[in-house]
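The values are calculated or read from the model by the stated rules, or taken from the named source; none is laboratory data. All of these numbers come straight from a predicted model, not from anything done at the bench. Note that we place each Cβ from the backbone using ideal geometry, even for glycine, and neighbour counts take in every protein chain shown. Protein only, heavy atoms only, side chains kept; ligands, DNA and RNA dropped before computing areas. Shrake-Rupley method; radii C 1.70, N 1.55, O 1.52, S 1.80 Å.
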Amino acid sequence: MIANLEWYRVFYITAKCGSFSKAAEVLFITQPAISYVVKQLESSLGGKLFFRTSKGVTLTAEGKVLFQYIEQAYGFLTTAEQKIAEMHQLLRGEIRIGAGDTLCKHYLLPHLEAFHTSFPEIKIQVTNRTSQETVQLLKEGKIDFGIVNLPIEDTLIQIRETLEIQDCFVGNEEYRSLALKPISLQKLNEYPLIMLEKGSSTRRYIDHYAQNLDVLIQPEIELGSIDLLVQFARSGLGISCVVKNFIMEELNSSILYEIQLKQPIPPRKVGIVTLKTMPLSAAAIQLLKYLT
């Protein structure tokens, strides 16, 4: 192994210039320093790399072989610099995102469409997981950032609060009478309820809210996504607990009716989580500007 990789740079520039004195000018060092480096390199490789001519220096056979490979290396380095510059200019790159189905559809997707229009060369990879699973993917280095339902506590991650969301209970025309005036959660619990399955951060949040009111919610149906909750409520299979922000179309068109509670569910936040120890790419930083 060559002890000092700078020797290769001196050799390469000298070969390109064909002169020790010209190489010294390019490298901003003295001609004796060029001579010293070349001698050290020749000693390490065990053969002459240059021979002197009346016009300067010319590569020997061994020097031509070395120059060929160093020139390739310089080409790779130049390409790498260009690729990195393109990444900084958002002309190429990849962003890996983790998000649940609901947040992906109702929050992430509209911003992704705008981002893709502005930066079409950036590749986007989205992994659908629950909020807790998204945090785990982040800690394993498998995604650049995640979009999760808050609250989440973890000392290894940084949280940027973004959208405020409101949970609510809704039913179809069959339950319209319940929407005429607020009722207690205890009373609502007597009806067939449809909830997200246990294990999700949303379900834990609602269960915690109910526990504070000394109510144990025992849903008749548990599902894996907000979209399914909406569909089941529309079909009259029960009263679903959904995110109001994401069903405004159904509420405005009276397909579903919000059942007001005497003790409203406190609003919560959506957050973007990043790993404190992992720097973000230029593309990821730009996308975060769209999301926050």
| query | How many residues does the range 1-20 contain that are at negative phi and surrounded by 13 or more Cβ atoms within 10 Å (Cβ to Cβ)? | reply | 13
| Quick one: is Leu229 modelled with pLDDT of 95 or more and over 30 Å from Lys276 (Cβ atoms)? | yes
| field | Residues located in the range 127-155, provided they are surrounded by fewer than 16 Cβ atoms within 10 Å (Cβ to Cβ) and within 18 Å of Gly93 (Cα to Cα) | value | Thr127, Gly141, Lys142
| said: What's the total number of residues in the range 94-110 that are over 20 Å from Leu163 (Cα atoms) and either open to solvent by 20 Å² or more (accessible area, probe 1.4 Å) or among the polar types (S, T, N, Q) (or both)? | reply: 2
| task | Tally the residues that are over 19 Å from Gln72 (Cα atoms) and β-branched (Val, Ile, Thr), restricting the search to the range 1-57. | result | 8
| request: List the number of the failed condition for Leu229; all other conditions in (1) in contact with a Ser or Thr (Cβ under 6 Å, 6 or more places away or on another chain); (2) open to solvent by 40 Å² or more (accessible area, probe 1.4 Å) hold. | output: (2)
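Quick grid of which residues meet (1) within 20 Å of Pro266 (Cα to Cα); (2) modelled with pLDDT of 95 or more:
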residue: Phe115; (1), (2): no, no
residue: Ser131; (1), (2): yes, no
residue: Glu153; (1), (2): yes, no
residue: Leu156; (1), (2): no, no
residue: Glu173; (1), (2): no, yes
residue: Ile183; (1), (2): yes, yes
residue: Lys187; (1), (2): yes, yes
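Residue-by-condition table, conditions (1) of a type in the set (Val, Ile, Thr); (2) open to solvent by 70 Å² or more (accessible area, probe 1.4 Å):
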| site | (1), (2) |
| --- | --- |
| His208 | no, yes |
| Leu216 | no, yes |
| Glu222 | no, yes |
| Ser240 | no, no |
| Ile272 | yes, no |
| If we scan the range 202-218, do we find a residue that is touching a helix residue (DSSP H, G or I) at 6+ places or on another chain (Cβ under 7 Å) and within 24 Å of Thr134 (Cβ to Cβ)? | no
